1. Which residue is farthest from residue 9 (Cα to Cα), if the candidates are limited to the stretch 106-140 and must be basic (Lys, Arg) and surrounded by fewer than 16 Cβ atoms within 10 Å (Cβ to Cβ)?
2. Please pick out the residue among 41, 46 that is under 23 Å from residue 110 (Cβ atoms), free of Cβ contacts under 8 Å to residues at least 40 places away in the same chain, in a loop (DSSP other than H, G, I, E, B) and not hydroxyl-bearing (Ser, Thr, Tyr).
3. Residues of the stretch 46-84 being open to solvent by less than 50 Å² (accessible area, probe 1.4 Å) and over 12 Å from residue 103 (Cα atoms), which ones?
4. Scan the stretch 49-83 residue by residue and report those that are in a helix (DSSP H, G or I), within 14 Å of the chain's Cα centre (by Cα) and modelled with pLDDT under 95.
5. Just to be sure before I move on: is residue 92 open to solvent by 10 Å² or more (accessible area, probe 1.4 Å), part of a helix (DSSP H, G or I) and at positive phi in the structure I sent?
6. Of all residues being open to solvent by 70 Å² or more (accessible area, probe 1.4 Å) and part of a loop (DSSP other than H, G, I, E, B) in the stretch 10-38, which is farthest from residue 59 (Cα to Cα)? Just the residue, please.
7. Can you say whether residue 27 is modelled with pLDDT of 95 or more and in contact with a Lys or Arg (Cβ under 8 Å, 6 or more places away or on another chain), as far as the supplied structure shows?
8. What is the one condition in (1) modelled with pLDDT under 90; (2) over 16 Å from the mean Cα position of the chain (by Cα); (3) of a type outside the set (Gly, Ala, Ser) that residue 169 does not satisfy?
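The values are calculated or read from the model by the stated rules, or taken from the named source; none is laboratory data. Treat the numbers as computed from the prediction; the structure is a model and nothing was measured. Don't worry about glycine lacking a Cβ; one is built from the backbone with ideal geometry, like all the others, and counts go over all protein chains shown. Protein only, heavy atoms only, side chains kept; ligands, DNA and RNA dropped before computing areas. Shrake-Rupley method; radii C 1.70, N 1.55, O 1.52, S 1.80 Å.
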Amino acid sequence: MAEEYRCEGAEAVIVTVGSMTGTAREVVDRMREKGLPVGLLKLRVLRPFPTEEVRAVANRVKTLVVIDRNVSHGAGGGSGIICLDIKSALYGQKHTPIILNLIAGLGGLDSTEEMIRSFLLKALDAGQKGRAEKEVEWALPPLPTTTGVIPQDSTQRLVYPGTPSCAGCTATLLFRTTIETLGKDTCLIMPPCC
């Protein structure tokens, strides 16, 4: 239900699901080549949750890094759903590593190698210090370049998925298509925490 990759001797392990695993695996390989003790745990299924596999890895590492492509609105700290499942699986264990959560890839945006490498370096640092500076981080798209609500030209985007008030679901695609169809004078409003 879960697949370990280069976790032997790792101090920080990144937990992934789905398509971002390939990118994360490349990052782990490059960091291992430089002598950095990192590994990867790919969750192949979420239900039933692979509790025993997660616990086995967590018992051997200082830090777990969880990449989520979602956010659980209303959850303390704004964590992603997989991170919350991992914290639940590790609740009450004698050894619980530091758990860091990267919210990335919202609205179909890519999770880049640099983003993953940077977060793994933060995880190694947290493991050395015994604490994290920040437990949850957001990899957000570039901020709007418009000077007002309505874009001045066609190069300025109308919809920005994956902000702290938007989980980056397909609603942003619906908004983008609707605005492109009805025109830039259209105003659509969607409350946060859809």
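1. 134
2. Among 41, 46, only 46 is under 23 Å from residue 110 (Cβ atoms), free of Cβ contacts under 8 Å to residues at least 40 places away in the same chain, in a loop (DSSP other than H, G, I, E, B) and not hydroxyl-bearing (Ser, Thr, Tyr).
3. 49, 50, 51, 54, 56, 57, 58, 61, 63, 64, 75 - these are the residues of the stretch 46-84 that are open to solvent by less than 50 Å² (accessible area, probe 1.4 Å) and over 12 Å from residue 103 (Cα atoms).
4. Scanning the stretch 49-83 gives 77, 78, 81.
5. It is false that residue 92 is open to solvent by 10 Å² or more (accessible area, probe 1.4 Å), part of a helix (DSSP H, G or I) and at positive phi.
6. 19
7. yes
8. The failed condition is (2).
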